[in-house]
Every structure is written in C-alpha cells, then in structure tokens.
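Report on one structure; see the data block that follows.
Taken together, the values in this text are just the output of simple stated rules run on the coordinates, not laboratory data. Quick caveat, the model's predicted, so the values are computed rather than measured. Virtual Cβ from ideal backbone geometry, glycine too; neighbours counted across all protein chains shown.
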Amino acid sequence: MAEQESRAAAPAKKRKPRLPAIEYIRGIAMMGVIAIHVGSQYLMNQTANIHLIALLEVASRFSVPIFFFISAFGLFYNLNIDEPLDYRAFMKKRFRTVLVPYLVWSAFYLLHDGLFYGVGFPDPLHLLSILFFGTAKYQLYFLVILIWFYLLMPLWIAIVRRAGKASLILLFVAQLGFDYWSSFSVAFNTFVYALPDHSFLKPFLMYRLNYWVVHYVFIFVLGGYLA
C-alpha cells in the first residue's frame, strides 16, 4: 500500500513540447515521397522528357532519409540516454505501432495480388522470405528497416552518447563510402548478380537495401544527436 502511495505521489515524467519544425519537415518529406511515385508514373508516357524525370527522381530522394531522421529524433527527444533503457517495454511499444501494421498490410497486399492478379499465394517458406525482406509491396521495406533500427536501439544510444562533431563527420564520410560501394561497386554487384538463383545467399544480397540499416546509420544517429 505504501509503495502504491509512493508511486501515486511521484511526479509524472513530463514530455517535452511538440516541435512544429518537425511537423513541417515531415510534410516536406511527404511531398518528396509523392514526387518519387509521380515521377515513376511519367515513365509510361512515351513523350516524357526523360532528363526532367531523372532530375525529379534524384531531387525527391531526400524524403526517405528524412523520415529516418524524424523517427530517430522522435525516439531520442523524449529519451534520457543517461538512464538504462527498458528494452522489453521499448520493443513492446514499437512492435505494436510498427510490426502489427506491417504484418497486416503485408497480408492485405498478398491477398489482394493473389485474388486480383492471379499470382497465387506463397508457401510458408516463401512467406517468411517475403516478410523478412519486406517484398509484399515495394514501399513496405521502410517498415522493415525501421524495425531493425528499433531492435538495435541500445547500439544507437551508445553511439549517440559518444557522438561529437568530429565523429559525426567521420561517420558521414564512412556512410558515403559504404553507400557508394553498395550501389556502384562493379565487382560487388557483378558478384551478386552472378550468383545462381537457387543460392541461399543471393536474396540476402539482392534485397540488402530492404534491411541493411547501415545504409542509413548516419542520418539516424544525426537525428538522435540533434534531439
């Protein structure tokens, strides 16, 4: 009873004020996502200016990293990184808000395509692969990467605790180097595409952009650091 009274008397942890700037950034990022999908639709137009489409595609790609920035900012903004993280409670809350919608929408897309496009339904092993890589529909990869970021939250807290301007610059340079290697290394990509289709390793490398969080580490850590 005394313990309950003590908990009741303890002041509730105050949440920090909502930042309008973050809402504005989120709105701009939403417009970028719309631009990405609108640009891809213009490719079906035979008279489209391919150079303007390419410019639109490149200029609108800022939106996905910005959403990871906002996610990290929101996580760290109301988090005291000097206190131990209740990992179990943290994951329970994040899985409820991200994992459940991800599974529901994946099931919806699989049922929709199976019924209306006649592609059938995946067997259990193929279904696990689809859910792991987020390939039920293209845009679901974002939630897969976000789940991996949540799973590795103790690592990001440790990095943000030690982060400074010099280390962030080094991380940014390393990020550029890794992303360039992943996307433009001829040797690496030749190796990946040369793997036989039945190779166990091939899907893990082919869909690396769908779950390798290392592609977005800098922007995520930056969001946490600024928060």
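Some observations on this one:
- Nearest 10 degrees, 0 to 90: helix 141-151 Cα axis against the chain principal axis: 30 degrees
- Note on the chain: helix-only mean residue ellipticity at 222 nm, from DSSP H runs of 4+ residues weighted -39500 (n - 2.57) and normalised by residue number, equals -21500 deg cm²/dmol.
- Here's the picture: a label point sits 7 Å out from the Cα of L19 along the beta-carbon direction, and within region 144-188 the residues with their amide nitrogen under 16 Å of it are 160-161.
- Mean separation of Cα contacts under 8 Å, 6 or more apart, over the residue count of the chain: relative contact order %: 27 percent
- Between the Cα long axis of helix 50-59 and the first principal axis of the chain there is an angle of about 20°, rounded to the nearest 10.
- Along each principal axis, Cα extent of region 38-90, largest first, Å: 58, 18, 10
- Cα convex hull volume per residue for region 155-226 (Å³): 85 Å³
- Label-point separation, L128 to L195 (7 Å along Cα→Cβ), nm: 1.7 nm
- Count, lysine Cα pairs under 26 Å in the chain, 8 or more residues apart or across chains: 10
- Remark: region 57-204 carries a charge dipole of roughly 400 debye about the Cα centre, counting +1 on each Lys and Arg Cβ and -1 on each Asp and Glu Cβ.
- Rh (Kirkwood; distinct C-alpha pairs) - region 83-226, Å: 17.4 Å
- Extreme residue, positive dipole direction of the chain, given options L143, I53, L111 (C-beta unit charges): L143
- Positive-end residue of G223, L85, Y207, charge dipole of the chain with Cβ unit charges: L85
- 3J(HN,Hα) along region 175-188, derived from phi through the Karplus expression 6.51 cos²θ - 1.76 cosθ + 1.60 where θ = phi - 60°, amounts to 5, 4, x, 5, 5, 5, 4, 5, 8, 10, 5, 5, 4, 5 Hz, with x in place of Gly and Pro.
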